[in-house]
Amino acid sequence: MINNNKVKTVFYINKEDKDLVKSQCDLLQIKPSFFIRNAVLEKLKKPVFEVECVKIDTKIYISQLMKIGVNLNQIAKKLNSNAKFMIADQKEVLDNIKLITEHILEIKSQL
């Protein structure tokens, strides 16, 4: 058995904080234990993990966000025009909203 002098530590946090930690770990693709250990050690000025900042071209993302805004405005205009919607139109609008949400999440993950 390998003895690496690690000691188990247990602590409690509320559900909202746990969800926040989990979402950050999913974003960084690391385990929560590693994330928490690094956060504590970082406070003690001994980080074990450095997050690399990815250089991105914000102009591309801004233009994509503007396109998404235009799509949302078109959807809102159609919804507010008192026009009768066919079920196919409603499905198309919901599909567009789902695509917009996915694009926003993709852009957010890149920032």
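Looking only at residues of the range 21-38 that are among the aliphatic types (A, V, I, L, M), in a helix (DSSP H, G or I) and modelled with pLDDT of 85 or more, we find that the one that is farthest from Ile107 (Cα to Cα) is Ile36.
Scan the range 42-62 and tell me whether some residue there is of a type in the set (Val, Ile, Thr), touching a helix residue (DSSP H, G or I) at 6+ places or on another chain (Cβ under 7 Å), modelled with pLDDT of 75 or more and not assigned by TED's automatic domain parsing to the domain that holds Lys18. No, there is no match, as no residue in the range 42-62 is of a type in the set (Val, Ile, Thr), touching a helix residue (DSSP H, G or I) at 6+ places or on another chain (Cβ under 7 Å), modelled with pLDDT of 75 or more and not assigned by TED's automatic domain parsing to the domain that holds Lys18. Filtering the range 100-109 for residues that are at pLDDT 80 or above, surrounded by fewer than 11 Cβ atoms within 10 Å (Cβ to Cβ), within 20 Å of the chain's Cα centre (by Cα) and among the small types (Gly, Ala, Ser) leaves an empty set.
The values are calculated or read from the model by the stated rules, or taken from the named source; none is laboratory data. Remember, it's a predicted structure, so these values are computed and weren't measured experimentally. Ideal geometry is used to build each Cβ from the backbone, glycine not excepted, and the neighbour counts take in all protein chains shown.
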